[in-house]
Each structure stands twice: as C-alpha cells, then as structure tokens.
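Accompanying notes for the structure given below.
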Amino acid sequence: MNNAELYQRSNTLQKRDALDCLEEYKKKLNWKNYETVIDIGCGDGSVTTGILRKFLPNDFKQLIGCDISDKMIDYANMKHTSDYVKFIVMDIAGNLPDDMKGVFNHAFSFYTLHWIKQQEVTFRNIFKLLAEGGDCLLVFLGHMPVFDVYRILARSHRWRYWLKDVDKFISPYHDSQDPEKEIRRMMCKIGFSSVEVQCRAKSFIYNGLDALKRAVKAVNPFNLPEDCLDEFLEDYVSVVRDMKLIENDDNVESSVKVNTNYNLITVYGVKRTTLIT
Ligand SMILES: C[S@@+](CC[C@H](N)C(=O)[O-])C[C@H]1O[C@@H](n2cnc3c(N)ncnc32)[C@H](O)[C@@H]1O
C-alpha cells in the first residue's frame with residue numbers, strides 16, 4: 001500500500017466516505033480563526049487537499065498531513081504542498097515529536113486507523129496532538145468482507161506463506177460485537193469529552209472485476225512478489241465469487257457488479273481538560 005500513484009486512481013470508495021462524513025459533521029466542527037489542522041494517515045494527500053481542505057475556513061493557519069510511509073509523503077509533497085499545506089512522515093502509534101503535542105485545533109483521519117493494532121496508544125496520541133478544546137473526526141473500517149477474503153486466502157496452500165501476517169492487516173473491529181461501546185469506553189478513559197461513535201452499514205458497488213482488482217491492488221498490504229500479483233488478484237476474485245458477491249457474472253465485463261457491504265465507524269471527540277464554569 002505504498003504506491004501513491006495507483007492509490008490516488010483507485011480510492012473512489014475512500015473519497016466518497018470522507019466527503020459524506022465531513023458533510024455530516026461540518027456543523028459540529030467548532031471552527032475559529034487561524035487554526036492548525038492535521039490529517040492522520042494522509043496517504044497520497046489527495047483527500048487532504050481535494051476534500052478536507054474544502055471544509056476548512058479560508059483563514060486557517062496550517063494544514064499538515066502525516067503518514068507512516070515516506071513514499072506516500074514524498075508523493076504528497078511533490079503534488080500537493082503549498083504555503084499553508086505540508087506533509088510529514090509520522091507514525092501515529094509511535095513516539096510523537098514534542099513539537100507536535102498540544103498544537104492542533106482539529107485532527108482528522110480517513111481510512112487509516114483500522115490499519116493499526118495499538119488502538120489505545122493511537123487514540124492517546126491523537127489526544128496528545130490536540131490543543132485544549134480541539135476536536136477530532138476519525139473515519140475507519142469495522143467489519144469488511146475484504147478481511148474475510150484475506151483470511152480465506154491465508155488458509156490456502158498457494159498463499160499461506162505470503163499471507164502469514166494476515167491478522168496484522170485485519171481491522172481490530174472486524175469481529176467486534178459492539179465496536180461503538182468499545183471505542184467510546186476507550187476514549188472516555190483517555191479523557192475525551194463529547195464523544196460520539198457511530199458504526200453504520202454502508203455499501204459500495206464496483207462496476208466490473210477490473211475496478212475491484214485495481215482497488216484491491218491499491219491497498220494490498222502483503223509483500224507479494226510482483227510476478228504473483230495477477231494470480232493473487234484472480235484468486236481474490238474467485239473467493240469473492242464463492243461468497244456470492246458478484247452480479248451478472250456471466251455477462252460482459254461492463255455489466256458485472258461487485259457488491260461490498262461493510263461497516264464504517266465514525267468517531268468524534270473533544271479534548272477538554274479544564275472545567276467550563
Ligand atoms: C487507505 S490509506 C488512506 C489515505 C487517505 N487518508 C485517504 O482517505 O485516501 C491508509 C494510510 O494510512 C497510513 N498508515 C498506516 N499506519 C499508519 C500509522 N501507524 N501512522 C500513520 N499513518 C499510517 C498508510 O501508510 C496509508 O497511507
């Protein structure tokens with residue numbers, strides 16, 4: 001999932017969900033003058049500048065995108081940097097640089113936090129990034145059929161070796177019975193206030209198997225040899241077919257549809273450490 005060029009051509013689902021969530025929460029975000037904003041797990045930077053940027057007031061002070069991948073950050077800096085927008089390498093589950101703590105009035109994250117196993121460390125770090133009164137809007141995956149496909153492939157003789165770390169790449173909430181309660185409890189323990197957590201059923205249709213394969217390739221987390229990738233994608237589609245998620249399968253490619261029903265988790269919270277009287 002280091003190929004920024006491929007990712008920015010195949011992230012229609014991620015862009016749609018980022019836009020929907022920002023539309024839904026735009027009135028709740030408490031904008032003031034001259035504020036500092038961070039986008040955590042910004043990837044190629046296209047959501048940061050093409051979508052999030054449009055929801056910021058004109059007089060914002062700075063928008064910083066951060067990502068663990070230096071390849072993503074190099075690409076984002078090459079394509080999307082401007083006077084007020086910059087991109088840096090940072091692991092949100094690692095040790096934060098001191099000069100990033102308590103700085104941000106708003107923290108956003110789209111389609112990233114389900115990649116991270118250390119959820120409590122990550123949420124604590126988001127709390128640390130925020131200035132007093134700052135808020136966060138975080139969007140990530142709960143249950144998603146892609147993760148079941150990974151698990152099935154990981155049990156096959158052909159892919160067992162390459163997918164041995166499969167559990168590292170499955171959302172911590174994929175099997176969770178009540179992710180809303182789990183996340184709310186963790187955030188309250190950390191000290192967030194005004195916490196809202198929603199886990200909602202969503203769906204997305206890929207028009208054609210090629211569109212599905214492109215999207216799978218763009219977020220493929222496994223270190224597969226380049227010459228095995230096409231075979232992997234064929235086997236991926238076979239599992240999706242067995243799961244009966246493909247419509248008009250016998251028809252021409254243009255009428256084939258792949259249904260994806262998944263749960264999207266949206267989280268809002270505020271850092272307020274002093275009592276308002
Ligand atoms: C699916 S992309 C989402 C990119 C962008 N936010 C979007 O919505 O299009 C997930 C990104 O999270 C980044 N990521 C994964 N783990 C991370 C971590 N611990 N800290 C920061 N970024 C991380 C990956 O490198 C990848 O670029």
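The values are calculated or read from the model by the stated rules, or taken from the named source; none is laboratory data. Note that the structure is a prediction, hence the values are computed from the model and not measured. Here Cβ is always computed from backbone atoms with ideal geometry, including for glycine, and neighbour counts include all displayed protein chains. Side chains included, ligands, DNA and RNA excluded: accessible areas come from the protein's heavy atoms. Shrake-Rupley method; radii C 1.70, N 1.55, O 1.52, S 1.80 Å.
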ASP178 - would you say it is charged (D, E, K, R), on the phi < 0 side of the Ramachandran plot, open to solvent by 40 Å² or more (accessible area, probe 1.4 Å) and at pLDDT 95 or above? yes
Meets criteria (modelled with pLDDT of 95 or more and on the phi > 0 side of the Ramachandran plot) for TYR111: yes
Test ARG185 against the stated conditions and say whether it is within 15 Å of the ligand (Cβ to nearest atom), at pLDDT 95 or above and basic (Lys, Arg). no
Near pairs, Cβ below 9 angstrom, 6+ apart or cross-chain, from the range 87-99 (more than 23 Å from GLU120 (Cβ to Cβ) and touching a residue at least 24 places away in the same chain (Cβ under 8 Å)) to any residue that is outside any loop (DSSP other than H, G, I, E, B) and more than 11 Å from the ligand (Cβ to nearest atom): PHE87/ILE64; PHE87/ASP74; PHE87/ASN77; PHE87/HIS80; ILE88/ILE64; ILE88/ASN77; ILE88/MET100
Does ASP249 qualify as being charged (D, E, K, R) and open to solvent by less than 60 Å² (accessible area, probe 1.4 Å)? yes
Members of the range 12-40 that are open to solvent by 20 Å² or more (accessible area, probe 1.4 Å), outside any helix (DSSP H, G or I) and either within 15 Å of the ligand (Cβ to nearest atom) or touching a Pro at 6+ places or on another chain (Cβ under 7 Å) (or both): TRP31
Selected residue (criterion: surrounded by the most Cβ atoms within 10 Å (Cβ to Cβ)) from residues of the range 88-104 that are within 12 Å of the ligand (Cβ to nearest atom) and hydrophobic (A, V, I, L, M, F, W, C): ILE92
Inter-residue pairs, beta-carbon under 9 Å, first at pLDDT below 90 and in the range 241-265, second open to solvent by 30 Å² or more (accessible area, probe 1.4 Å) and basic (Lys, Arg), 6+ apart: GLU247/LYS257; ASN248/LYS257; ASP249/ARG241
Quick one: how many residues across the range 176-186 are free of Cβ contacts under 8 Å to residues at least 12 places away in the same chain and part of a loop (DSSP other than H, G, I, E, B)? 2
Exactly one of PHE204, PHE192, PHE232 is within 16 Å of the ligand (Cβ to nearest atom), touching a residue at least 24 places away in the same chain (Cβ under 8 Å) and of a type in the set (A, V, I, L, M, F, W, C), and that one is PHE204
Subset of the range 69-87 [part of a helix (DSSP H, G or I) and more than 11 Å from the ligand (Cβ to nearest atom)]: ASP74, ASN77, MET78, LYS79, HIS80
All positions within the range 63-79 that are surrounded by 20 or more Cβ atoms within 10 Å (Cβ to Cβ) and free of Cβ contacts under 8 Å to residues at least 60 places away in the same chain: LEU63, ILE64, GLY65, CYS66, ASP67, ILE73
Please work out which residue is most open to solvent (accessible area, probe 1.4 Å), limiting yourself to the range 105-145 and to residues that are in a loop (DSSP other than H, G, I, E, B), out of contact with any Cys (no Cβ under 9 Å at 6 or more places or on another chain) and more than 9 Å from the ligand (Cβ to nearest atom). LYS117
PHE60: within 14 Å of the ligand (Cβ to nearest atom), surrounded by 15 or more Cβ atoms within 10 Å (Cβ to Cβ) and not in a helix (DSSP H, G or I), yes or no? no
